[in-house]
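Engineer: Quick one: the structure is below, questions incoming.
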Amino acid sequence: MTTLTIWIVAVFILGYFFIAIESVTKVNKAAVALLMFVFCWTLFMIAPGTYLPNLLPGHAAQTVSEVIEKHLGSTSTTLFFLMGAMTIVEMVDQNGGFNFVRDLLKTTSKKKLLWRIAFLTFLLSAILDNLTTSIVMVMILRKLVADQKDRLIYASLVVIAANSGGAFSPIGDVTTIMLWNKGVITAIGVITEIFLPSLVSMVLPAWMLSLKLNGKMEVTDKVAVVAMESDFSANQRKVVFLLGVGGLIFVPIFKSITHLPPFVGILLVLGVLWTATEVFYRRLHRNSGKSGMQKRITSMLSRIDMSTILFFLGILMAVACLETIGVLTMMGDGLNDVFAGNHYLVTGIIGVLSSIVDNVPLVAGCMGMYPVTAAGDMAVDGIFWQLLAYCAGVGGSMLIIGSAAGVVVMGLEKITFGWYMKHISWVVFVGYVAGILTYFIFSSFHLASCLS
């Protein structure tokens with residue numbers, strides 16, 4: 001490893017450290033990620049010929065620009081997908097599309113409420129995404145559950161169920177979206193192979209947490225949920241919901257039919273929803289004089305969390321630099337040597353690490369560390385990639401800071417790191433290992449069936 005390579009790795013590690021202590025420094029992780037991106041590639045430019053052996057004299061700047069643009073193109077597909085999905089979900093939410101969730105959760109039994117939360121969160125996070133689903137579920141829980149101690153258990157279950165549900169869906173988690181965009185997993189493959197392990201990783205912890213809840217709770221007017229106001233009529237809200245959520249479900253189908261990247265499908269759904277809502281607001285304006293500007297997509301686009309988008313841009317492009325200089329390949333070879341190519345151990349450890357550090361760069365790193373083969377465990381929909389989708393998604397639930405869903409629930413419900421680690425982490429770990437074992441048994445049975 002050259003001195004320049006060591007400097008680039010040091011910049012990445014230092015940046016990663018400051019991202020991890022964001023709560024202490026109060027410096028937004030997006031700013032740090034962008035600095036990582038710029039500094040890594042600036043150092044790369046000192047001696048690009050070291051990493052690009054076919055570099056022609058006098059063409060360094062042009063060649064490196066082409067390399068960066070190639071990585072940027074791959075990264076942009078994920079970013080555009082996220083921006084489109086965030087806008088669609090925001091539009092549905094702002095117009096009361098998720099009010100039906102509130103009605104499904106109504107019950108006075110603590111155990112019934114727990115199981116309804118578990119399965120509803122699990123399914124919604126697969127259709128939407130784990131972050132948005134967590135926000136919706138916690139906001140509803142704050143209206144339904146008055147007891148703070150009980151609500152902490154329910155909120156923790158939301159984190160578990162959201163991450164488990166997102167792991168088996170190609171649109172349910174950022175890391176799964178990344179793997180799907182990269183083409184190492186298919187929508188059908190990840191759903192059929194990872195659904196059962198993900199379900200086990202949710203059901204087992206839910207059952208263990210249900211033992212802590214007994215009796216009934218009182219639902220008073222004080223904790224009743226107020227329906228979200230909307231300028232649209234009931235039928236128009238249904239159309240918005242069907243176009244938005246139905247469109248998200250249609251995206252994998254669109255990809256399988258057209259073979260176009262997933263972000264093209266998400267932009268198609270956004271365009272259709274945008275057109276429909278503009279027609280609704282045009283009629284509203286003509287009939288009642290209301291403009292409804294606050295809930296139009298043109299307004300919602302300005303409220304997209306751009307810091308999150310820029311964080312993904314910075315971290316993915318910094319990881320792309322590590323991939324280009326060959327560090328990720330060396331790490332992959334090292335893990336394979338230590339664990340003798342045991343994909344269950346390698347991905348299992350990656351899943352545990354994803355609860356400590358952000359799973360986005362971990363998965364991005366793995367995509368650079370391991371090549372896709374034509375056949376075997378590293379092929380498209382191979383054991384390694386499917387296990388990576390499961391472990392990186394579910395493993396983030398082990399610590400409250402291990403996933404975007406956990407961080408947002410931590411902020412909304414004031415869950416402390418220590419409380420979660422004491423009461424929830426071991427429960428998640430049991431479910432995590434049970435899910436891996438389920439995948440092993442299922443894949444072994446499937447292989448035996450094929451051989452026979």
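The values are calculated or read from the model by the stated rules, or taken from the named source; none is laboratory data. Predicted model only: the values in this text are computed from it and were never measured. With ideal geometry, Cβ positions are generated from the backbone for all residues, glycine too; neighbour counts draw on all protein chains shown. When the accessible area is computed, the model is the full protein with side chains, heavy atoms only, and any ligands, DNA or RNA have been set aside. Shrake-Rupley method; radii C 1.70, N 1.55, O 1.52, S 1.80 Å.
Engineer: Pairing the Cα long axis of helix 130-144 with the longest principal axis of the chain, what angle in degrees results, from 0 to 90 and rounded to the nearest 10?
Structural biologist: Its long axis makes an angle of about 30 degrees.
Engineer: Next up: Keeping all protein chains in the complex and leaving out DNA, RNA and ligands, what accessible area do you get for residue 18 with a 1.4 Å probe, in Å² to the nearest 10?
Structural biologist: About 80 Å², rounded to the nearest 10.
Engineer: Once phi is turned into ³J(HN,Hα) by the Karplus curve 6.51 cos²θ - 1.76 cosθ + 1.60 with θ = phi - 60°, what whole-Hz value does each residue of region 82-95 show in order, with x for glycine and proline?
Structural biologist: Along region 82-95, the couplings run 5, 4, x, 5, 4, 5, 4, 5, 4, 5, 5, 5, 5, 10 Hz.
Engineer: Right, here's the next one. Sort 419-432, 133-146 for me by packing, meaning the mean count of neighbouring Cβ atoms within 10 Å per residue, highest on top.
Structural biologist: Working: 419-432: 18.9, 133-146: 20.8.
Listed from highest to lowest mean packing, they are 133-146, 419-432.
Engineer: Just the number please: accessible area per residue for the chain, 1.4 Å probe, all protein chains included, in Å². Walk me through the intermediate numbers first.
Structural biologist: On the way: 20450 Å² over 452 residues.
Here the residues of the chain average 45 Å² of exposed surface.
Engineer: For the chain, what's the relative contact order in percent, using C-alpha pairs closer than 8 Å and at least 6 residues apart? Don't jump to the answer; show the numbers that get you there.
Structural biologist: Numbers: 632 pairs, mean separation 106.0, N = 452.
Relative CO of the chain lands at 23 percent.
Engineer: Using Cα atoms only, what is the angle between the long axis of helix 404-413 and the major principal axis of the chain, expressed in degrees (0 to 90) to the nearest 10?
Structural biologist: 40 degrees
Engineer: Ordering 302, 76 by how much accessible area each has at a 1.4 Å probe, largest first, what is the list? Walk me through the numbers before you get to the answer.
Structural biologist: Working: 302 95, 76 30 Å².
Heavy-atom accessible area, descending, gives 302, 76.
Engineer: Please work out which option in (i) 23.2; (ii) 24.1; (iii) 25.1 gives Kirkwood radius over Cα pairs in Å calculated from these coordinates, and answer with its label.
Structural biologist: The calculated read-out lines up with (i).
Engineer: Taking all protein chains in place and a 1.4 Å probe, what share, in percent, of the accessible surface of region 8-122 do carbon and sulfur account for? It would help to have the intermediate numbers written out before the result.
Structural biologist: Details: 3820 of 5650 Å².
The computed percentage sits at 68.
Engineer: Then there is this: Would you please put 122-131, 363-372 in order of how densely packed they are, using the mean number of other Cβ atoms within 10 angstrom per residue and starting with the highest?
Structural biologist: Numbers: 122-131: 25.8, 363-372: 21.1.
Descending packing order for the listed peptides: 122-131, 363-372.
Engineer: Give the peptides 165-178, 378-391 in descending order of average Cβ contacts within 10 Å, highest first. Can you show the working numbers first?
Structural biologist: Working: 165-178: 28.6, 378-391: 22.6.
Highest to lowest by the protection proxy: 165-178, 378-391.
Engineer: Just to confirm the number: angle between the C-alpha axis of helix 234-258 and the first principal axis of the chain, 0 to 90 degrees, nearest 10?
Structural biologist: The two axes meet at around 30 degrees.
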